[in-house]
Amino acid sequence: MPVSYYIILASALFCIGVAGVLTRRNAIIVFMCIELMLNAVNLLLVAFSKMQNIATPPGSVSVGGSDAQIFVFFIMVVAAAEVSVGLAIIVMMYRNVHSIDINFLNRLKN
Amino acid sequence: MDITTIVFWFLSALALFSAIMVITRKNPIFSVLWLIIVFFAISGHYLLLNAQFLAVVNIIVYAGAIMVLFLFVLMMMNLENLPVVNKNIWMKFLGVISGGLLLCILVSTSKSAADMNLKTIIMKEGNIGLIENLGKVLFTKYALPFEISSILFLSAMVGAVVIGKKES
């Protein structure tokens, strides 16, 4: 599979996430679009970890590349921590403002 | 056209379609459910790339834990009688336009890279994604970041509890 297919797929997923962040006003959906962007980056990292030159004979399996997959693992760890704190913030804002529309949240004071 | 190519195109189409459904649904519950389908499609891609550990972790952590957390928060809130704000159609239009422009720039940049045609992705072989190799690397070379991430989890847990506590 050529590497450009994976680049285009991950770019498309990332840009759908960007468009979602820019268009939706619901704070939880904005948050979900951020998760979508993180996953697009993860997919591209895993694809790059399996990349090799065409000229390499197919029998020789490369040994490198596990760094990228460890990196994806740490991205998932940070995303899980981020989601727990972010959802706690959203719940607290809903308790105070009774809305999760980000147009209402432009003033964080009072 | 072998089975790997067919599965690749099917999973890509499924992921893109579900991602578009995520950002177009009115009801946030449906957005969450479509996002779970996106995560399953991405896990299928990981399996196709022979990264089985990441495929399983992706399903457990994202589709299992994070999305359940989202659903839980959505169901705790009463979203039925929220005040409706005036929707600005131009903002949506401009958001979609800027997202599309970013996609055009990324694709054209990757297309114009010189050695992009010389690279290929090995599908369904190689053992770097197996749990044995990743575990060895994780607990030898990356032992310190692993421990630091546990501290990060602890602080996130404390932070979530402190933020979510009701002020009396």
request  = Identify, from the list B:L152, B:L102, B:L69, the residue that is within 22 Å of the chain's Cα centre (by Cα), in the same structural domain as B:I36 (by TED's automatic domain parsing) and modelled with pLDDT of 85 or more.
outcome  = B:L69
task = Scan A:V18, A:V46 and give me the residue that is in contact with a His (Cβ under 8 Å, 6 or more places away or on another chain) and within 7 Å of another protein chain (Cβ to nearest Cβ).
result = A:V46
key: Lone unmet requirement of (1) in a helix (DSSP H, G or I); (2) surrounded by 14 or more Cβ atoms within 10 Å (Cβ to Cβ) for B:L101   = (2)
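Could you tell me whether A:I54 is of a type outside the set (S, T, Y) and either within 23 Å of B:M75 (Cβ to Cβ) or modelled with pLDDT of 80 or more (or both)?
The answer is no for A:I54.
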query = If we scan region B:114-123, do we find a residue that is in contact with a strand residue (DSSP E or B) (Cβ under 7 Å, 6 or more places away or on another chain), assigned to a helix (DSSP H, G or I) and farther than 30 Å from B:N27 by Cα?
reply = yes
query = Among the residues of region B:128-140, how many are surrounded by fewer than 13 Cβ atoms within 10 Å (Cβ to Cβ) and either part of a loop (DSSP other than H, G, I, E, B) or facing chain A (nearest Cβ under 9 Å) (or both)?
reply = 1
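Let's see how each residue does on (1) part of a helix (DSSP H, G or I); (2) at the interface with chain A (Cβ under 7 Å from one of its Cβ atoms); (3) at pLDDT 90 or above:
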{"residue": "B:L54", "(1), (2), (3)": "yes, yes, yes"}
{"residue": "B:I60", "(1), (2), (3)": "yes, no, yes"}
{"residue": "B:N86", "(1), (2), (3)": "no, no, no"}
{"residue": "B:S110", "(1), (2), (3)": "yes, yes, no"}
inquiry  = Which count do you get for residues in region B:124-159 that are more than 18 Å from A:K50 (Cβ to Cβ) and either among the β-branched types (V, I, T) or touching a strand residue (DSSP E or B) at 6+ places or on another chain (Cβ under 7 Å) (or both)?
reply    = 4
Looking only at region B:1-52, and only at residues there that are within 9 Å of chain A (Cβ to nearest Cβ) and not in a helix (DSSP H, G or I), the one that is nearest to B:V96 (Cα to Cα) = B:R25
task = List the number of the failed condition for B:F146; all other conditions in (1) under 22 Å from A:Q69 (Cα atoms); (2) modelled with pLDDT under 90 hold.
result = (2)
request  = Output the qualifying pairs, or none if there are none: Cβ atoms under 9 angstrom, residues six or more apart or on different chains, first residue in region B:132-146 and of a type in the set (S, T, N, Q), second residue exposed (fewer than 11 other Cβ atoms within 10 Å of the Cβ).
outcome  = B:N133/A:V63
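The values are calculated or read from the model by the stated rules, or taken from the named source; none is laboratory data. Remember, predicted model here, so these are calculated numbers, not experimental data. Heads up, the Cβs are rebuilt from the backbone with ideal geometry, glycines too, and the neighbour counts pull from every protein chain shown.
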